[in-house]
Every structure is written in structure tokens, then in C-alpha cells.
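Trainee: Okay, handing you the structure first.
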Amino acid sequence: MNRPSNAALAACTCAFMSLSAITGFIAIPAWNRSVERASESGRLLARASQLEMLTRERDAIRSSVNAARASANAVLRSIPLHADQGSLMRMLAVSAGNDVGTQTILAGDAVPATPRESGYHAIPVTVEMHASFARVMEILARAESDRRLVRPIRIEITRSADPSTQSKNAKDADKGFVEARIELDAVYGNASAAPEEEQ
């Protein structure tokens, strides 16, 4: 059996050490870079997941804000700076028809809208009607849906007791009429005037 010479062993050892050194210089930095990249990838994935969650939360908050604004707009009313009796009368007036007998609208003088001086005033309005119940409800619906602040004060609706309105003919348009008295007020004024008046 032939044994390798010392020179061959030395050459093999030298070659192995050279290969190990080269492998160390190449493999170790590559390994470190792969570890760093894996760590960076994990960090970026976590951040992307967080951003996605934040985006969902932002969209949910936007939806909630939009819903809250829509609800607020449905109930909030504006207060004009000046009284506009003309538009108020037009809003409360109903058109003539078989289901309307008479309608009277009276507007009073402006009064303070609140117990204390606030710069706001209100125009009291009284609507008296002899008409069908549906037309009376139409007036109330108009007042409720108006963009201005119109406050109902008193509502009286009674079945008409006038014999002249009681028809023997079921097709008579006056059948089922009611007597209605609706008292409300329309608020107007300038809120910035309140501090000046309180001084």
C-alpha cells in the first residue's frame, strides 16, 4: 500500500485551507447578507401589514364621519341672518284644490327667540286651515323639512263640526275635512351680536 508523501499531504492541506478561506470570505458575507435581507423582508412585511390595517381603519373612520355628517345634516337647521317672511309664507301656503277649503296665514311681530338676550329673534306665524287631514300634514312636513329653523309651538286639529261641510254625497271633496290651527315660529338673527348685547 502506497502512502502519500509529505509533500502531497502538505499540498492537500494547503489546498483545503485555501478552499476554506475562500469559502469563508465568500460564504460568510453572503450568509450575513441573506440574514439581513430576511430580517428586512420581515420588517417590510410587518410594516405593509400595519399600513393595510391602518388603511382599513382610516376607511372605516371616513365612513363613520360621512354617516355622522349625513345624520347631522338631516336634523340640523340653518338660522338666516335676516327675517324672510315672504319665503316663509310661500313655504306654508298650499295650492288650491278640492281638498282645501280655506287657509289663513298670519305673521306677528318679531320676538326674542330665547329667554335671554342672544341676538336671535323669531317671527311667530299662525296657520289656520279648513282642509283635508293630508293637506294639514303636508304643511307640518314642509315646516319640518325646511332648511331654516322653524319651531312648532302648538298644533290643534279637530274634526270639522260645520254642518255645511258635512256632505251627503260620499264623493264630495269636502268630506273628512278638519279644522287645524298651527302655531310656529321661524328663527333668525346674528349670533355674533350676542356678546355685544350682553356687555
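Trainee: Run the quick spin-label model on S34 and A11: label points 7 Å from Cα toward the beta carbon, then report their separation in nm to one decimal.
Mentor: 3.3
Trainee: Follow-up question, since we're still on this one. Summing Lys, Arg as +1 and Asp, Glu as -1, what charge do residues with Cβ under 12 Å from the Cβ of A93 carry, A93 excluded?
Mentor: +2
Trainee: Another question about this same structure. Within a 10 angstrom radius of the beta carbon, how do H121, H82 rank from fewest other beta carbons to most?
Mentor: By the 10 Å Cβ count, ascending, the order reads H82, H121.
Trainee: Run the quick spin-label model on A48 and S118: label points 7 Å from Cα toward the beta carbon, then report their separation in nm to one decimal.
Mentor: Each label point lies 7 Å from its Cα, and together they span 5.6 nm.
Trainee: Ranked by Cβ crowding within 10 angstrom, fewest neighbours first, how are Y120, Y188 ordered?
Mentor: Lowest count first: Y120, Y188.
Trainee: Shifting gears a bit: Per 0.36 nm of contour for each residue apart, how much would the distance between E128 and R147 grow if the chain were fully extended, relative to their Cα-Cα spacing?
Mentor: Here the answer is 4.6 nm.
Trainee: Sort F177, F133 so the one with the fewest other Cβ atoms within 10 Å of its own Cβ comes first.
Mentor: Neighbour counts put them in this order, fewest first: F133, F177.
Trainee: Once both labels are modelled 7 Å past Cα along the beta-carbon direction, what's the A68-E138 spacing in nm?
Mentor: Calculated label separation equals 3.9 nm.
Trainee: What is the gain in length, in nm to one decimal, between R77 and I155 on full extension, counting 0.36 nm per residue of separation less the C-alpha to C-alpha distance? Could you put the intermediate results ahead of the total?
Mentor: Details: separation 78, 0.36 × 78 = 28.08 nm, distance 2.07 nm.
My answer for the length gained is 26.0 nm.
Read-outs throughout are calculated quantities, based only on the coordinates presented, and are distinct from any laboratory measurement. Bear in mind the structure is a predicted one, so any value in this text is a computation, not a measurement. With ideal geometry, Cβ positions are generated from the backbone for all residues, glycine too; neighbour counts draw on all protein chains shown.
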